[in-house]
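What follows is a set of notes on a single structure, which appears directly below.
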Amino acid sequence: MNIMVVGSINLDMVASAPSLPQPGETVTGATLARHPGGKGANQALAAEKLGAEVQLIGRVGDDAMAGEALALMEGFGVDLSGVEIDLAAPTGVALIAVDPSGENQIVVAAGANHLVTPEQLPIRIECPLIVQLELPVETVEAAVGRATGFVCANLAPARPVSEQLLKRCDLIVVNEVEAIFYGDLLHRGGGRVVVTQGARGAEMYHRGVKMAWATPPEVTAVDATGAGDAFVGAITVALVEGMEPREALAFACAAGALAATRAGAQPSLPTRDEVEALVTA
C-alpha cells in the first residue's frame, strides 16, 4: 500500500541518565546518543518497515543535522522527494532524557518544522494519510482537507484543532493525557478513536462506545521514545490492510512494545516479521 505522512523531522539528542531531573535539579552520569526522530519521520519509517510504501512531506534545515535526521529513512526506502530544505531555519532538534526504566522527558526545538506550509502539500492526497501536531496546525488541517482516502491523526502534542478536522478523520490516536485534553470532542465524528495506555495497552472507541481493546506482550523496556509512533504507524497499516479492530490493536501494541525494548526512536522501530513473531508468540 502507499501511505503519505505529513509531519515533523528532528534529530534526537538522547541523554540516558540514572534518573530524570526534578524541576531545578541537575542529574549527572548520563551518556549521550544522537538518533533520527520527529513524530512524522518516526511514523513514516514505522509504516515503511511494516510493509507500506511511504512518502514523507516535511522540512529540514540546510545543515549537517539534516543528513543525520534523514539517514535511516533514506536507507529503508522512504520517499523523501517531498522533504524541502529551508535555507534560514535549522533542522528540528529534540532533547530527550531517559531513565533506566525507559521513562523519558522531551523538549523540542521545532526549527524548520514550523515552516512547513500548505503550499508545500499536494493539491489532492489520494492515498492514506497520517498527520500529527508537530507542524503548524493550519498545515495539518490543510493536509486533512485535501485527503480523499483514509486519514489517521495522531493528536500529539495536544493542541486545539478545528472540529472539522476531528470529524474528517477515520482514525484518531491519542494517549491518556491527550484524551483528557480533547474530552468529548474526540467522539463527535464518525471515525474511530484509539486511546493508548502505555504498558496497559490500548482501547478503540466508536462514537464514545468501546469496541475493542488489547494489551501488549510483556517486554523489558529500555527507552519508550518512539513507541507511540511505532503504534501509530502499525495501527494505520493494519486498518488499511483490513484487519479487524481487535487484531489491529494487538498488532500495534506489539509494535509499540518492541520499540520500547531498544534505544532511540527510529533505531528501535520493528520490522513486520518481528511484530508478527511477537503477536504469534
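Observations on the model:
- Global size of the stretch 1-157: 16.1, 50 Å for Rg and Dmax (C-alpha atoms, Rg to one decimal, Dmax whole).
- Nearest-0.05 FRET efficiency for Val137 and Arg246, computed from C-beta distance (R0 41 Å): 0.80
- With the largest listed first and rounded to whole Å, the semi-axes of the equivalent ellipsoid of the stretch 127-180 from the Cα gyration tensor are 17, 12, 9.
- 10 Å Cβ shell holding at most 11 others, DSSP loop, GluC sites (Glu not before Pro): longest site-free stretch of the chain: 26-217
- About the centre of its Cα atoms, the stretch 197-277 shows a dipole size close to 300 debye [charges on the beta carbon of Lys, Arg (+1) and Asp, Glu (-1) only; nearest 20 debye].
- Helix-only [θ]222 nm of the chain, DSSP H runs n ≥ 4, -39500 (n - 2.57) each, per residue, nearest 500: -9000 deg cm²/dmol
- Compactness of the stretch 149-267 as Cα Rg over 2.2 N^0.38 Å, two decimals: 1.00
- Of the residues Lys167, Lys49, ranked by 1.4 Å probe accessible area with the largest first, the sequence reads Lys167, Lys49.
- Extension gain from Ala64 to Gln197, taking 0.36 nm per residue of separation minus the Cα-Cα distance: 44.2 nm
- Per residue accessible area in Å² of the chain, where ligands, DNA and RNA are left out and the probe is 1.4 Å: 43 Å²
- Model label sites at Thr26 and Asn2, defined 7 Å from Cα along the beta-carbon direction, differ in position by 5.4 nm.
- With the gyration tensor restricted to C-alpha atoms of the chain, the semi-axes of the equivalent ellipsoid amount to 25, 24, 18 Å, longest first.
The values are calculated or read from the model by the stated rules, or taken from the named source; none is laboratory data. The structure displayed is predicted, hence computed values, not measured ones. Cβ coordinates were reconstructed from backbone atoms using ideal geometry, including for glycine residues, and neighbour counts include every protein chain displayed. When the accessible area is computed, the model is the full protein with side chains, heavy atoms only, and any ligands, DNA or RNA have been set aside. Shrake-Rupley method; radii C 1.70, N 1.55, O 1.52, S 1.80 Å.
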